[in-house]
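S.K.: Can you read through this structure? Questions will come right after.
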Amino acid sequence: MTLGVLAVLAMLFVMFAGFWTDWLWYRAVDFSSVFTTTLWTKIGLFFVFGLLMALAVGVNVWLAHRLRPPLSAMSLEQQSLDRYRMSIAPYKKWMLVGVTAVIGLISGASAAGQWRTWLLWINGVSFGEKDPQFGKDVSFYAFDLPWYRFLLGFGFAAVVLSLIAAALVHYLYGGLRVTSPGARATGAATGHLSVLLGLFVALKAVAYWLDRYGLAVKSSDFKAAGNWTGLRYVDANAYLPAKTILFCIAVICALLFFATLWRRTWQLPVIGFGLMVLSAILIGGLYPAIVQKFQVDPNEQAKEAPYVEQNLKATKKAYGIDDAQVTEYSGKAETEDRTELRGEVAKAASIRLLDPNIVSPTFQQLQQMKGYYAFPQNLDVDRYKDADGNTKDTVIGLRELNLNGIPKNNWINDHFRYTHGFGVVAAEGTTADGEGRPVFTESDLPSKGDLVKNKYEQRIYYGERTEQYSIVGGPQKEIDYSDDDGEKTTSFSGKGGVDLSNPVNRAAYAVAFGEPQILYSGAIGEGSQVLYNRTPKDRVEAVAPWLTIDGDAYPAVVDGKIQWIVDAYTTSNGYPYSSRTTLGDTTADSLTAENQQRAVVAQENQVNYIRNSVKATVDAYDGTVKLYEWDTKDPVLKTWMKSFPGTVEPRSDISEELMDHLRYPQDLFKVQRELLTRYHVDNANTFLSGSQVWQVPDDPTNKSGESVPAYYLSMRMPDQEQQAFSLTTTFTPNNRDNLSAFMAVNAEADADDYGKIRVLKLPASTTVSGPKQVQSQFNSEQDIAESIRLLRGGDSEVEYGNLLTVPLDGGLLYVEPVYVRGGGLKYPLLRKVLVTYGGATAFEDTLGEALDKIFGAEGEQPPGEQPEKPTEPPTGGNAVEEALKDAQKAFDDGQAALKEGDWEAYGKAQAELEKALEAMEKADAEAGAGKNADKDPGGSAGSEDAAKDEKDEKDEKDGGKKPAEQAADRS
């Protein structure tokens, strides 16, 4: 008994621990109203529908038992069941309670899962738009119809379970007979069961009536248009009248079943039910097939055109592409003299050479500083002002915590000492230095530079890579960072965690995390807090479970803090006539294939309405979450704000500095571009013919087989006066590789035309190279192919960066950076730039040189890319001295790294030392050659001989040592 009681108490505490830790977390992040509203809604639905189901089944079982015939009237068949009746007689009350309780619990749990449906129905806001078939507001389909369907399903379940239970009781107590002669059922049993059957048929009548409205949101496979939602000709002219007729037949059939209470015969109800089944087959199945075969198929375009127009209009409205501006674009340069275009390139775009999806290893190698720091696999693109106040595209990443790099992994190190990352690293997006490395605008540890003028909190407790829990703020100090003065420690002082000073809290988290040490560890004391749910997406999803989260959270330095910015969407599956799409499929590209962290959260969600209605921020230091209303007209968001009042802050609360970093989200853009492959046309006949169908091309720079990503780029479309930070993509014809269109959306949140979609449609009569063809052109040109072959020499690898497309003077300029990883380096460096325009291709060291070659003229260098000024190389003793200084510095750096055990830094220092020694050797040789040249200016052969003689003489004096060895000795 004691063990049993302890086991029950342990189970109860485990359940309590899950509930209690959730409550503590929501209270810590100031979103306790989300927890309580969700909890009470689930509890209410559980008890209401659980009790209703239990009562429905229980009452019918009780009624069947009460209507049992007297024992004297029982047949021989029923007398054989007497032993079963006798065995359950002492427990029949408890059995009734037990059976109904189990059924009620299952039904209640199922109903609790419908909390979203209930909240949408009870708080639904009007869309102010009506569907063209029934004239009902869209909110009826988005909010009301799902709830009615749930109620209908619950009603069917209650009637069917009651019918089964009542039939069993009637059979057990003689109300029904199977093998006995005479009547098969008593009058009481007949009346009881006929009423239940009548209720079932009545519910079927309601189902037929709701099915009429369901046609407006029904999905079907439409051969001419693919995945289709809404009514077609056969729906409006066959299924709709069929559903109305079947509704009437079902009502009559239900009345016939109810009439058996007086007639005590099954004849008419059975006839009526058979008529309903036959009608469902003939009217609901055969008749629509005949209409489709003989009316629609022979003249499909004419019959379907009105319904296609409704689908086009609704789909564009539901996905926010109804205002997309599609304009004709020639695809060929309008200016004959290309030299005149050279100066226009800088005005057309700030061409980004730094690919954020490739240079993460470079950031890692040059700015990791410690093994327990790491950068995300894909960096982000944002906008920051330089020293002159000019806004520039910037590649940015945070130095987050990397537990795999901790010198020794144990529970204390993993959860108490190494708790956070440190600092922002950013680089100019439009240039690289002479070695092909990023030009950092914010770097080092602690971070400093031109990125942010004022000080900001650099500790990063919440990030994309931070998935484990940490316990901070207590007796145990945390590793902060290391510099020349040694290791620094800190203690978390924020309020984003849950207090662990309470022993009940400690016990609950010990159970919830499966970590018994939490209960008794001396490292936990007064002020200790546990931090968890630490990725930005997890936190926003937890505080706003009604939102769908974008796959790419990105950091920004805002108002003295590092803030993660998260885009969130409201979605619906009930917008009439709007075609559905699966978010996981439409948002997939070559980046999400490699990095699942960037995949959209609701992978399998099928939606036909989406809005970027909320902009969220997560403080990288204390995890504070703020939700801002972005789309002030979205009825779905208004409904959720009614359901969870006070959780979403008004748009006016967005600070000016935060507004500068908000942008158009990638996942929404990818959904819209996928829809625009078919829905860029306005004419129904063109849509049905499929002649204008586009596709998103595969990424030609890798072999993933997935779609090309959308690229952020500051550029100017033909109708724009100046550059705008934009999100861009390309389209190709279906199953072809040439270019069909170029699409860009203004991504600057504070711009008047933010979210404006512009599509440049190329004529079908001309062939303009698409991304795959451009990449093939790069690879097939002999000179370029040979250069790339040389770059791949030894163990080097060539990596192609983002293939950017820029509209220019009626044509399209393609630019692709080329990176090389090899020669002992573990990170890619920018070595070449590929450019093509109007069939001309260039492969040069810098973008400026490539553009000069393409346009046959020198022009203004692209923003951020400054040509290196030629300088006179040091000669003679000066060169040797300079090389000696470099060698001494590299040697000192290596020794310092050796003391710290930082082998990566030590390897880098050794490489620098070798480079300095080689420079010294070269300078020494050149110095000797220069002296001999002064003595014998007559020719190069004489100078070379003199230099050689002098070098040999010097070697002899130094005991045959080479200059590099002598320099090493001096160092």
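The values are calculated or read from the model by the stated rules, or taken from the named source; none is laboratory data. Just so it is clear, the model here is predicted, and its values are computed rather than measured. Note: ideal-geometry Cβ built from the backbone for every residue, glycine included; neighbour counts use all protein chains shown.
S.K.: Could you go through region 39-53 and let me know if any residue there is part of a helix (DSSP H, G or I) and either hydroxyl-bearing (Ser, Thr, Tyr) or modelled with pLDDT under 90 (or both).
M.R.: yes
S.K.: Exactly one of these conditions fails for residue 323: (1) touching an Asp or Glu at 6+ places or on another chain (Cβ under 7 Å); (2) of a type in the set (D, E, K, R); (3) at pLDDT 90 or above. Give me its number.
M.R.: Only one criterion is unmet by residue 323, namely (1).
S.K.: Could you say whether any residue in region 310-325 is under 27 Å from residue 149 (Cα atoms), of a type in the set (Ser, Thr, Tyr), part of a helix (DSSP H, G or I) and out of contact with any Leu (no Cβ under 6 Å at 6 or more places or on another chain)?
M.R.: yes
Okay, residues lined up against (1) in contact with a Ser or Thr (Cβ under 6 Å, 6 or more places away or on another chain); (2) under 15 Å from residue 622 (Cα atoms):
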| position | (1), (2) |
| --- | --- |
| 456 | no, yes |
| 460 | no, yes |
| 481 | no, no |
| 486 | no, no |
| 495 | no, yes |
| 503 | no, no |
| 517 | no, no |
| 526 | yes, no |
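S.K.: Restricting attention to region 362-376, does a residue exist that is hydrophobic (A, V, I, L, M, F, W, C), at positive phi and touching a Lys or Arg at 6+ places or on another chain (Cβ under 9 Å)?
M.R.: So far as region 362-376 goes, yes, one or more of its residues are hydrophobic (A, V, I, L, M, F, W, C), at positive phi and touching a Lys or Arg at 6+ places or on another chain (Cβ under 9 Å).
S.K.: Checking residue 802 against (1) assigned to a loop (DSSP other than H, G, I, E, B); (2) of a type in the set (S, T, N, Q); (3) surrounded by fewer than 20 Cβ atoms within 10 Å (Cβ to Cβ): exactly one of these is not met. Which one?
M.R.: (3)
S.K.: Checking the structure you have, find out if any residue of region 215-225 is farther than 27 Å from residue 579 by Cα, among the hydroxyl-bearing types (Ser, Thr, Tyr) and at pLDDT below 90.
M.R.: Checked region 215-225: no residue is farther than 27 Å from residue 579 by Cα, among the hydroxyl-bearing types (Ser, Thr, Tyr) and at pLDDT below 90.
S.K.: Quick test of your reading of the structure: residue 451 fulfils all but one of (1) at pLDDT below 90; (2) surrounded by fewer than 22 Cβ atoms within 10 Å (Cβ to Cβ). Name the failing condition by number.
M.R.: (2)
S.K.: Working only within region 840-857, note down all residues that are part of a loop (DSSP other than H, G, I, E, B) and free of Cβ contacts under 8 Å to residues at least 24 places away in the same chain.
M.R.: Once the filter is applied, which keeps residues that are part of a loop (DSSP other than H, G, I, E, B) and free of Cβ contacts under 8 Å to residues at least 24 places away in the same chain, region 840-857 yields 845, 846.
S.K.: Right, another one. As an exercise: evaluate residue 760 against (1) in contact with a helix residue (DSSP H, G or I) (Cβ under 6 Å, 6 or more places away or on another chain); (2) of a type in the set (A, V, I, L, M, F, W, C); (3) crowded, with 19+ Cβ neighbours inside 10 Å and give the number of the one condition it does not meet.
M.R.: Looking at each condition in turn, residue 760 falls short on (1).
S.K.: Looking at region 671-713 only, could you name the residues that are among the charged types (D, E, K, R) and in contact with an Asp or Glu (Cβ under 7 Å, 6 or more places away or on another chain)?
M.R.: Once the filter is applied, which keeps residues that are among the charged types (D, E, K, R) and in contact with an Asp or Glu (Cβ under 7 Å, 6 or more places away or on another chain), region 671-713 yields 698, 699, 706.
S.K.: Let me ask you something else. Starting from region 101-124, keep only residues that are free of Cβ contacts under 8 Å to residues at least 40 places away in the same chain, then list their pairs with residues that are exposed (fewer than 15 other Cβ atoms within 10 Å of the Cβ) and in a loop (DSSP other than H, G, I, E, B) whose Cβ atoms are within a distance under 9 Å, requiring at least 6 positions of separation or different chains.
M.R.: Pairs that qualify, where the first residue is free of Cβ contacts under 8 Å to residues at least 40 places away in the same chain and the partner is exposed (fewer than 15 other Cβ atoms within 10 Å of the Cβ) and in a loop (DSSP other than H, G, I, E, B): there are none.
S.K.: Is there a residue in region 375-398 that is surrounded by fewer than 21 Cβ atoms within 10 Å (Cβ to Cβ) and more than 29 Å from residue 558 (Cβ to Cβ)?
M.R.: no
Each row is one residue, and each column tells you yes or no for (1) at pLDDT 90 or above; (2) in contact with a helix residue (DSSP H, G or I) (Cβ under 8 Å, 6 or more places away or on another chain); (3) among the hydrophobic types (A, V, I, L, M, F, W, C).
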site: 542; (1), (2), (3): yes, yes, yes
site: 553; (1), (2), (3): yes, yes, yes
site: 557; (1), (2), (3): yes, no, yes
site: 563; (1), (2), (3): yes, yes, no
site: 567; (1), (2), (3): yes, yes, no
site: 570; (1), (2), (3): yes, yes, no
site: 575; (1), (2), (3): yes, yes, no
site: 584; (1), (2), (3): no, no, no
site: 587; (1), (2), (3): no, yes, no
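S.K.: Identify all residues within region 34-54 that are among the small types (Gly, Ala, Ser) and farther than 30 Å from residue 540 by Cβ; write none if there are none.
M.R.: Once the filter is applied, which keeps residues that are among the small types (Gly, Ala, Ser) and farther than 30 Å from residue 540 by Cβ, region 34-54 yields 50, 54.
S.K.: Looking only at region 530-556, count how many residues are in contact with a strand residue (DSSP E or B) (Cβ under 6 Å, 6 or more places away or on another chain) and either surrounded by fewer than 21 Cβ atoms within 10 Å (Cβ to Cβ) or β-branched (Val, Ile, Thr) (or both).
M.R.: Total satisfying the criteria: 6.
S.K.: Out of 827, 819, which single residue is of a type in the set (Phe, Trp, Tyr), part of a loop (DSSP other than H, G, I, E, B) and at negative phi?
M.R.: 827
S.K.: While we're here: List the pairs whose first member sits in region 380-404 and is closer than 30 Å to residue 468 by Cα, whose second member is among the basic types (Lys, Arg), and whose Cβ atoms are under 6 Å apart, counting only residues at least 6 apart or on separate chains?
M.R.: Qualifying pairs under 6 Å: 400/465.
S.K.: Same structure, new question: Could you tell me whether any residue of region 329-339 is charged (D, E, K, R), modelled with pLDDT of 90 or more and either under 29 Å from residue 664 (Cβ atoms) or surrounded by fewer than 20 Cβ atoms within 10 Å (Cβ to Cβ) (or both)?
M.R.: No, every residue in region 329-339 fails to be charged (D, E, K, R), modelled with pLDDT of 90 or more and either under 29 Å from residue 664 (Cβ atoms) or surrounded by fewer than 20 Cβ atoms within 10 Å (Cβ to Cβ) (or both).
S.K.: Pick out the one residue from 349, 280, 289, 314 that is under 18 Å from residue 230 (Cα atoms), surrounded by 14 or more Cβ atoms within 10 Å (Cβ to Cβ) and not hydroxyl-bearing (Ser, Thr, Tyr).
M.R.: Step by step, each of 349, 280, 289, 314 is checked, and only 314 is under 18 Å from residue 230 (Cα atoms), surrounded by 14 or more Cβ atoms within 10 Å (Cβ to Cβ) and not hydroxyl-bearing (Ser, Thr, Tyr).
S.K.: Here's something else I'd like to know. Condition first: in contact (Cβ under 8 Å) with a residue 40 or more places away in the chain and more than 26 Å from the chain's Cα centre (by Cα). Now tell me which residues in region 460-483 satisfy that.
M.R.: Selection gives 471, 472, 473, 474, 475, 476, 477, 478, 479, 480, 481, 482.
S.K.: Further question on the same structure: Can you spot a residue in region 503-526 that is surrounded by 20 or more Cβ atoms within 10 Å (Cβ to Cβ) and in a strand (DSSP E or B)?
M.R.: no
S.K.: If you go through region 766-786 one residue at a time, how many are assigned to a helix (DSSP H, G or I) and crowded, with 16+ Cβ neighbours inside 10 Å?
M.R.: The qualifying residues number 8.
S.K.: Looking at region 1-59, which of its residues are surrounded by fewer than 16 Cβ atoms within 10 Å (Cβ to Cβ), small (Gly, Ala, Ser) and touching a residue at least 60 places away in the same chain (Cβ under 8 Å)?
M.R.: 18, 33
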